[in-house]
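Please read the structure below before turning to the comments.
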Amino acid sequence: KGLRGPCVSTPRTPFYALVKSSGSSEKENQSAGGSFGIGKSAVYAASDLQTALYSTVYQCTETGEPKFLCQAKTKFRSHIGEDGNAYRSKGYWGNPDGYLPVESHEDVPEWARRERQGTSVYALGVRDSQDWKDRLVCSIIVNFYGAISKGEMELLVEGQVINKSTLLSLFENTSMREHARTYEDFDMAKLALECLTSPTLTEEFEIQDIGRFRLNLLMQDALPKRVIILRNGMMVCSELGHFGDKLQRFSLHRDFIAVLEPIESIDDTTNSSEWMRRLENPRHDELSPERLSKEAE
């Protein structure tokens, strides 16, 4: 869709929230992927120059015409300059009048120009390594197999296509497993993908005042008896340490693996994905009822 501008704080736009604000995000709906405004800093961690550039084409709501914005941002340290003045840690490339983004393609390097609607994010001075491609591909399939298997996400990494058709073959690649954070993470993701694509049983159910969920269950010998929880196609967690039952012990059950995920609802009053999002921590790897502000919830 393109990151929507203009770059203004009132009303706050997604472009402003990404490029200018700290610790906040601006989402189209309450069940969107992020929520804490922290993940947007990941691009700086990949840059030895601590610098990112954002280039977007979006449809202007007032005129209906496509609009182009481009701005770069760097994060160093606050310091005292040679002139004796104090300087902040953030620096911007763009229109110096108000630290605003550039709006003309002619003022932007050719590689940063966008013609089609959408958004490009560039990490400048990327930290390189011989196995960066395999490490990146492995991280993608382990964390986003849910979205990829449904055709909701497709990626191209240095010529390698990652989509619904190629996902299983990537998991079956024994060398890919060597690049996982842990072998357990990789193996669990592979089993969860099998559960999503070839379940023994699929059931949908509703929790009052929360919304609908889907449970896929795969029963086979030698499976680890684990429940994987997804949201928006992304792995969130496989245990509930902050609840009465951690979902770790199933001594009287057959060997299985299960995948639980909320079903998006048009009715926002019972949106299970939005409810689960409120339980997630900033790392999106844990659920806790303590994140709800009201005890009744």
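The values are calculated or read from the model by the stated rules, or taken from the named source; none is laboratory data. These numbers come from a predicted model, not from an experiment. Every residue, glycine as well, gets a Cβ built from its backbone with ideal geometry; the counts of neighbours run over all protein chains shown. Accessible surface is based on the protein model in full, side chains and every heavy atom, while ligands, DNA and RNA are left aside. Shrake-Rupley method; radii C 1.70, N 1.55, O 1.52, S 1.80 Å.
Taking H placed 1.01 Å from N in the peptide plane, check which residues at least 5 places from I210 or on another chain put their amide H under 5 Å from its amide H.
Correct list: empty.
Any idea what the dipole of the chain comes to, in debye rounded to 20, about its Cα centre with Lys/Arg Cβ at +1 and Asp/Glu Cβ at -1?
It comes to approximately 440 debye.
Report the FRET efficiency, 1/(1 + (r/R0)^6), for R291 and L155, where r is their Cβ-Cβ distance and R0 is 45 Å, rounded to 0.05.
According to the calculation, E is roughly 0.90.
Give me a comma-separated list of calculated 3J(HN,Hα) values for region 73-83, in order, Karplus coefficients 6.51, -1.76, 1.60 applied at θ = phi - 60°, integers in Hz, x for any Gly or Pro.
Couplings: 9, 10, 10, 10, 10, 5, 7, 9, x, 4, 7 Hz.
Thinking of the chain as a set of Cα atoms, what percent of all their pairs are more than 25 Å apart?
58
Carbon and sulfur atoms: what percent of the 1.4 Å accessible area of region 142-280 do they account for?
Carbon-and-sulfur percentage of accessible area, whole number: 50.
Tell me what the chain gives for mean residue ellipticity at 222 nm when only DSSP H runs of n ≥ 4 count, each as -39,500 (n - 2.57), the sum divided by the residue total, rounded to 500 deg cm²/dmol.
Calculated mean residue ellipticity at 222 nm is -5500 deg cm²/dmol.
Using modelled amide H (1.01 Å from N, peptide plane; none on Pro or chain starts), what sits under 5 Å from the amide H of L247, excluding residues fewer than 5 places away?
Amide H neighbours of L247: L240.
Order these peptides, 247-256, 175-184, by their mean beta-carbon neighbour count within 10 angstrom, highest first.
Output ranking for 247-256, 175-184: 175-184, 247-256.
Under the rule of at least 5 residues apart or a separate chain, name every residue whose amide H is placed under 5 Å from the amide H of T13.
Here V8 satisfy the definition.
Given axes a ≥ b ≥ c from the Cα gyration tensor, I'd like to know whether region 58-138 is rounded (a/c under 1.5), prolate (a/b larger than b/c) or oblate.
Because a/c hits 1.5 or more and a/b fails to exceed b/c, region 58-138 counts as oblate.
Ranked highest first by average number of other Cβ atoms within 10 Å, how do 1-8, 206-213 line up?
The peptides rank, most packed first, as 1-8, 206-213.
With every protein chain left in place, what is the accessible area per residue of region 99-239 in square angstrom, probe 1.4 Å?
59
Per residue of region 133-138, what does 6.51 cos²θ - 1.76 cosθ + 1.60 with θ = phi - 60° give for ³J(HN,Hα)? Whole Hz please, x for Gly and Pro, Karplus curve as stated.
5, 5, 5, 5, 4, 4
Per residue of region 201-213, in order, report the coupling 6.51 cos²θ - 1.76 cosθ + 1.60 (Karplus, θ = phi - 60°) as ³J(HN,Hα) in whole Hz, putting x for Gly and Pro.
Residue by residue, region 201-213 yields 8, 10, 9, 10, 8, 10, 9, 4, 6, 10, x, 9, 9 Hz.
Which entries in K40/K75; K40/K150; K75/K133; K20/K133 show an alpha-carbon gap greater than 19 Å?
Result: K40/K150; K75/K133; K20/K133 exceed 19 Å.
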